[in-house]
Amino acid sequence: MNFGKNVGKRIILYLLGLFVVALGIRLTLIAQLGTGSSTAFAWAMSKTVGLSVAFWVFVVNALCVVVQIIILKKDFKPIQLLQLAVSFIFSLFIAYVDPLVRWWQPHSYPERVIQLIVAIMVQALGIFFVVKAKLITMPIESMNLVIMQKTGWGKLGTYKILFDAFWFVLALLISLVVTLKAGNFTWDGFLGLAGIREGTVLQVLLIGAFINIYDRLFGKKFAKLTE
């Protein structure tokens with residue numbers, strides 16, 4: 001956490017980034033071509049247990065903070081609890097941005113693909129804003145960093161891949177149990193309940209690519225905020 005220079009502007013940029021990411025996630029859910037790793041578990045729980053995707057996103061982030069507390073013990077600093085506050089704000093954004101994007105209802109597969117691409121670009125822009133603000137790391141990324149530092153093994157990107165896979169597998173297991181229990185298993189129903197489709201692959205491949213594009217175009221300008 002870095003609260004140095006231009007903290008006011010950076011807080012605004014950070015909150016704007018969270019809001020933009022939330023818009024992108026909502027557009028992804030409307031397109032119904034698959035969720036990203038951060039929302040696969042939340043989507044599956046929302047469809048099977050109930051409550052909103054936003055609620056389960058907060059639960060996931062809160063669990064990641066708990067894991068950090070267990071690992072770090074006395075080394076966990078109280079200021080790191082701000083991750084929970086950020087997670088709560090992010091979940092509120094996901095819950096209440098819906099009216100801003102609900103008007104865009106795709107009526108064909110090509111329209112849904114276009115909507116998904118726009119959603120990916122929007123999410124990438126929001127993540128770019130959050131990263132450039134250099135304030136509070138989101139709980140999932142913080143947990144990955146803590147585990148990496150404690151084990152002394154691997155790189156941060158490796159842990160992101162592992163935990164992305166973990167949330168996807170968990171979503172698939174939940175979907176499998178529910179569909180088998182209902183006695184009407186189909187591949188479309190199984191993958192749909194888990195929120196995993198062709199759009200999931202596109203998100204994995206393209207979000208990082210668009211972040212890199214934004215960084216090349218605007219990175220130097222935003223870097224001045226923290227110089």
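None of the figures in this text is laboratory data; all of them are computed from the coordinates on show. For clarity, every value in this text was computed on a predicted model and none was experimentally measured. Here the Cβ positions follow ideal geometry from the backbone for every residue, glycine too, while neighbour counts run over all protein chains shown.
Between Lys181 and Val59, the simple spin-label model (points 7 angstrom out along Cα→Cβ) gives 1.3 nm. Listed from fewest to most Cβ neighbours within 10 Å, the set Glu198, Glu141 follows the order Glu198, Glu141. For the chain, the longest principal axis of the alpha carbon atoms and the long axis of helix 198-223 meet at an angle near 20°. Choose one of Leu170, Val113, Pro78: the residue whose Cα lies farthest towards the positive end of the charge dipole of the stretch 7-226 (beta-carbon charges +1 Lys, Arg; -1 Asp, Glu; about the Cα centre). Checking the options against the dipole of the stretch 7-226, the answer is Pro78. Tell me the angle of helix 156-182 to the major Cα principal axis of the chain, expressed in degrees between 0 and 90 and rounded to the nearest ten. Value to nearest ten degrees: 30. Histogrammed with a bin width of 10 Å, the alpha carbon distances of the stretch 7-226 distribute as 8, 30, 38, 19, 4, 0 percent, first bin at zero. The trypsin sites (Lys or Arg not before Pro) found in the stretch 1-64 include none that occupy coil by DSSP while having at most 10 further C-beta atoms within 10 Å. Relative to the longest principal axis of the Cα atoms of the chain, the long axis of helix 53-72 makes an angle of roughly 50 degrees. Only helices enter the 222 nm calculation for the chain: every DSSP H run of n ≥ 4 contributes -39,500 (n - 2.57), and dividing by all residues gives -26000 deg cm²/dmol, rounded to 500. Evaluated with a Cβ-only charge set (Lys, Arg +1; Asp, Glu -1), the stretch 105-180 carries a dipole of roughly 280 debye about its Cα centre, given to the nearest 20. Charges were assigned to the Cβ only: +1 to each Lys and Arg, -1 to each Asp and Glu. The resulting dipole of the chain about its Cα centre is roughly 780 debye. Counting charges near Asn144 (Lys, Arg +1; Asp, Glu -1) among other residues having Cβ under 15 Å from its Cβ returns a value of +1. From least to most packed, judged by other beta carbons within 10 angstrom and beginning with the fewest, Phe88, Phe55, Phe168 follow the order Phe88, Phe55, Phe168. The share of Cα pairs per 10 Å bin across the stretch 38-141, counted from zero up to the longest distance, runs 13, 36, 35, 12, 4, 0 percent.
Distance between the 7 Å Cα→Cβ label points at Val7 and Ala209: 4.0 nm.
All other residues with a Cβ under 14 Å from the Cβ of Ile174 taken together, and with Lys, Arg as +1 and Asp, Glu as -1, what is their net charge? Local charge sum for Ile174: +2. The value of relative contact order for the stretch 7-226, using C-alpha pairs under 8 Å at least six residues apart, is 38 percent. So for the stretch 110-177, what percent of the C-alpha to C-alpha distances run longer than 18 Å? Tail of the P(r) past 18 Å holds 60 percent of the pairs. What FRET efficiency would be calculated for the residue pair Lys221, Ile117, taking the C-beta separation as r and a Förster radius of 35 Å, to the nearest 0.05? Efficiency computed from Cβ-Cβ geometry: 0.90.
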